[in-house]
Amino acid sequence: MSPLIQGILTIVIGVTGCIGYFWSSNFVLDRFVFPARGPEAGRNINRANAVRPWLFLLPALAALSLYLVYPVFGSFWRSLFNRAGTEFVGLGNYGLLFGDGEFRTALFNNFLWVLVVPAMATFLGLLVAQLTDRLSWGNIAKSLIFMPMAISFVGASLIWKFVYAVDPEIGIINAMRGTLDMSPLDPLQVGFWNNFFLMVILVWVQTGFAMVILSAALRGIPEETVEAAIIDGASPAQIFFKIKIPQIMGTIVVVWTTITILVLKVFDIVYTMTGGNFGTQILPSYMMEYMFRDDGRATAVAFVIMIIVLPVMVWNIVQARKEVR
Amino acid sequence: MAKDDDGIAGSKTSLSLVTNLSVIFLVVLWLIPTVGLFVSSFRDRDAITESGWWKSPFPTQENIAVQTEGEFVETPEGWVLTGNVFGEEGSGEIVAFGGSRAEPTAFAPGETGELVRGRTLQIAETGDFTYFYPDEPSRNPTVYIAAEVPPNFSLVNYETILESAGMDVAFINTLTVTIPATIIPILIAAFAAYALAWMDFPFRGTIIAIVVGLLVVPLQLALVPMLQFHNQIGIGQSFYGIWFAHTGFGLPLAIYLLRNYMVGLPRDIIESAKVDGATDFQVFTRIVLPLSFPALASFAIFQFLWTWNDLLIAKVFLPASSDSWVMTVKIADDLLGSRGGDWGILAAAAFVSIAVPLVVFFTMQRYLVRGLLAGSVK
């Protein structure tokens, strides 16, 4: 069966299945389990209303627990076994990881990524948001800077492969070096700094995201606070740093953490650009090296990523709990 | 928020000029990489390696060796060959020409070039040439010209990738993965979001907190256990597997976005409907769902972009055979490896894969921005 027909069938079955489930489970609940008639009508309505939320939540909770909650434990459990999954090795896989120079490089590089990419993207996003705030063509400018968000990381990597190409007739970087009489070089093979050239790609993609959110936050600042500062004789720089930034600090933190989480997951860029060679390995791409070959090690790497993400996760949950109350 | 452009400090003319210039600079900087790819995708392999894409809109000067065609005609003085160096269809402008490889630019157009053994060659600017041999030529000679070649753009790369490189199959596969993986989570999430927003039950706050926590769980964790699970239940690496996976991974964001939106709907409408005897199911399908359209659209765009652009999930949950490659896998694992040097093909393939998301992006940007804001500004 062609995948396309399979796909259309899946949509039909999936959609009717979902609607059918919600409708029929409601129907059964109201008609047969706790019917709103007979001597216990009033109690039955209350009982039905206590069950109904769980009917609404059931498919979502089932999918979430299967695809996101169980894997946290499943992966950890798997990481305690050897390559074939037959022998319990305790924390042996983690020992192997930390003994591997490439893993340590990946860990160090990931640390650099987490440090640099969110900072740069947030900074540039804030810069563009502020610059375009009062510009007549600001929306067009923002739309163009936002555009890379729609492009896949693979697409973005290819785009930048052209920029970084060694041939000065293809790579614009080397063409510019050529006009300055410098010999062409491969930016992706320049030790240590190549990491930063890869980060540029993610910054290029994520600046738009930061810009959109920070721009909305800047617009949400009460006009009176800015006007009061102007009347008191504040300079534009003072207004920006002392009036505006403190008021959008919360949003800046959200943007920063969102990009940080993303950085820890993106493997596409390194995978496509260098394959982790030339000292550019990061954890997600390091994991893919072991995926399908040694599940024990692959899950161990995944769990290390999880541990790095954990503080942000806890912080998010704490924030969410505050909000709901 | 009025845009006060005068009467306010900080909007001085000099400052606004600097602002304009720096924004222009940033926008150009942001666009250059994509424009480079776009332009390159319309140039053939040779053109790409011969001159940078930034020179492509301008005519380029190239030194070309042309093997002449046609038959020499015998005249009383000797043998003469006439024709055009650009062939019948080509065009260009001769800057200089020569009769030997050593001196390809010895003569100016229109001049009569004296070559070895009494031969002469004359080439006009248009490319028309007259080659004179005093003795009978054994074969057609080669002429050397420096020509201004007009910009040359073609669809040849697109033809190649769609016809022979298998990108058409990959395109269909991407579409097949994307559409069910976008629609199904929306439905599941919408019901859950309604329950979390408008129904009262124990552990509601806890479930919301868990959903928020799950937003950041690295997908890497799910790869090995879920693939194992898929193998156990017999779907293995297949489209079913990737649809389920995308549904599961998309749900936290879907529930979070939709709940945030639904919670903001006016309480009166929902309560008066309930007073009038509407059940929760009716309130949801008749009132909340239609009102939540903007949030549904935002999430649909997110999920569409994310599934379309995904490489990781497709690599793990789809079969490794080439007939089920999606475009990202096709480019990353196949084209970059086997055609690593063929920049035109790579550019065209990349552009085919980003064209659909770009269209979605520019037509639905409003919803995308709204979704981003609902998800982050609180």
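Measure nothing but the geometry: give the 0 to 90° angle between the long axis through the Cα atoms of A:101-132 and the longest principal axis through the Cα atoms of chain A, rounded to 10°. Compared with the principal axis, the helix lies near 90 degrees. Buried area at the B:A interface is about 10200 square angstrom, summed over both chains, from accessible surfaces computed with a 1.4 angstrom probe. Stokes-Einstein diffusion for the stretch B:159-376 at 4 °C, viscosity 1.567 mPa s, with a Kirkwood radius from C-alpha pairs, works out to 68 µm²/s. Taking label positions 7 Å along the Cα-Cβ direction at both A:PHE278 and B:ASP323, the computed distance is 3.8 nm, reported to one decimal. Accessible-area loss of 10 Å² or more (1.4 Å probe, protein heavy atoms, chain alone versus all protein chains) is found in the stretch A:306-325 for A:MET306, A:VAL309, A:MET313, A:ASN316, A:ILE317, A:ALA320, A:ARG321, A:GLU323, A:VAL324. Counts of other chain beta carbons within 10 angstrom of each beta carbon in peptide B:242-251 average 4. Rounded to the nearest 0.05, the FRET efficiency derived from the C-beta distance between A:LEU115 and B:ARG101 at R0 = 56 Å is 0.50. Taking the Cα centre of the stretch A:3-78 as reference, the dipole from Cβ charges on Lys and Arg (+1) and Asp and Glu (-1) amounts to some 160 debye.
Here's the picture: charge each Lys and Arg Cβ at +1 and each Asp and Glu Cβ at -1 in the protein assembly as shown, and of B:VAL149, B:LEU81, B:VAL369 the one pushed furthest to the positive end of that dipole is B:VAL369.
When the protein assembly as shown is described by a simple charge dipole with +1 on each Lys and Arg Cβ and -1 on each Asp and Glu Cβ, the residue from B:ALA190, A:THR10, A:ILE252 located farthest towards its positive end is B:ALA190. The order of the peptides B:353-361, A:227-235, A:101-109 by mean Cβ neighbours within 10 Å, most packed first, is B:353-361, A:101-109, A:227-235.
Normalised Debye scattering of the stretch B:60-149 at q = 0.13, 0.16, 0.17 Å⁻¹ gives log10 I(q)/I(0) of -0.37, -0.56, -0.63, counting only Cα atoms as equal scatterers and leaving out solvent. For the protein assembly as shown, the equivalent ellipsoid derived from the Cα gyration tensor has semi-axes of 57, 32, 26 Å, listed largest first. Rounded to 0.05, the FRET efficiency of the B:PHE153 and B:VAL116 pair, given R0 = 41 Å and the Cβ-Cβ distance, is 0.55. The residues of the protein assembly as shown expose, per residue, 44 Å² of accessible area to a 1.4 Å probe.
Averaged over B:23-30, how many beta carbons belonging to a partner chain fall within 10 Å of each residue's beta carbon?
6
Placing +1 on the Cβ of every Lys and Arg and -1 on the Cβ of every Asp and Glu, with nothing else charged, gives the protein assembly as shown a dipole about its Cα centre of roughly 4460 debye. Taken as entire DSSP H runs, the helices of chain B that both span 30 Å or more between Cα atoms along their own long axis and average -0.5 or more on the Kyte-Doolittle scale are B:13-40, B:167-198, B:239-263. Spatial offset of the stretch B:105-164 relative to the stretch A:258-288 amounts to 50 Å, using the alpha carbon center of each.
Under a Gaussian network description of chain A, with springs only between Cα atoms under 10 Å, the residue in A:SER183, A:SER79, A:SER157 that fluctuates furthest is A:SER183. Overall shape: oblate for chain A, with the ratio a/c of the largest to smallest alpha carbon gyration tensor axis at 1.5 or above and b/c at least equal to a/b. Working from label points 7 Å from Cα in the Cα-to-Cβ sense, the A:MET182 to A:LEU135 distance is 2.7 nm. The portion of the accessible surface of the protein assembly as shown made up by carbon and sulfur, rounded to a whole percent, is 64 (1.4 Å probe; DNA, RNA and ligands excluded).
Once R0 is set to 22 Å, what does the formula 1/(1 + (r/R0)^6) return for the Cβ-Cβ distance between B:PHE293 and A:VAL69, expressed as a FRET efficiency to the nearest 0.05? Efficiency at R0 = 22 Å is approximately 0.15.
Relative contact order of the stretch A:93-324, taken over Cα pairs closer than 8 Å and 6 or more residues apart, is 28 percent. The value for chain B of Rg(Cα) / (2.2 N^0.38 Å) is 1.55. Counted residue by residue at 0.36 nm each, then reduced by the alpha carbon distance between them, the extension gain from B:SER338 to B:SER14 reaches 111.3 nm. Ignoring the sites themselves, chain B has its longest run without GluC sites (Glu not before Pro) in a DSSP loop having at most 12 other Cβ atoms within 10 Å at B:90-378.
With only Lys, Arg, Asp and Glu charged, each at its Cβ (+1 for the first two, -1 for the last two), find how big the charge dipole of chain B is about the Cα centre; round to the nearest 20 debye. It would help to have the intermediate numbers written out before the result.
Working: 20 positive and 35 negative charges, 570 e Å.
Magnitude of the dipole: close to 2740 debye.
Among B:VAL169, B:VAL177, B:VAL216, the largest mean-square fluctuation in a Gaussian network model of chain B (Cα springs under 10 Å) belongs to B:VAL216.
Can you pick out the pairs among A:LYS265/B:LYS315; A:LYS161/B:LYS315; A:LYS142/A:LYS265; A:LYS265/B:LYS330 whose Cα atoms lie more than 24 Å from each other?
Going by Cα-Cα distance, A:LYS142/A:LYS265 fall outside the 24 Å limit.
Among A:PRO59, A:PRO35, A:PRO284, which one shows the highest mean-square fluctuation when chain A is modelled as a Gaussian network with alpha-carbon springs under 10 Å? Sorting by GNM fluctuation, first place goes to A:PRO35.
Taken residue by residue and averaged, Cβ atoms of other chains lying within 10 Å of the Cβ of A:276-289 number 1. Distance between the modelled labels on B:PHE201 and B:ILE269, one decimal in nanometres: 2.4 nm (7 Å Cα→Cβ projection). Per residue of chain B, the DSSP helices (runs of n ≥ 4 H) give a summed -39500 (n - 2.57) that works out to -16500 deg cm²/dmol at 222 nm.
The values are calculated or read from the model by the stated rules, or taken from the named source; none is laboratory data. Note that the structure is a prediction, hence the values are computed from the model and not measured. Here the Cβ is made from the backbone with ideal geometry for all residues, glycine too, and neighbour counts use every protein chain on show. The protein model used for the area step is the full one, side chains on, heavy atoms only, and it has no ligands, DNA or RNA in it. Shrake-Rupley method; radii C 1.70, N 1.55, O 1.52, S 1.80 Å.
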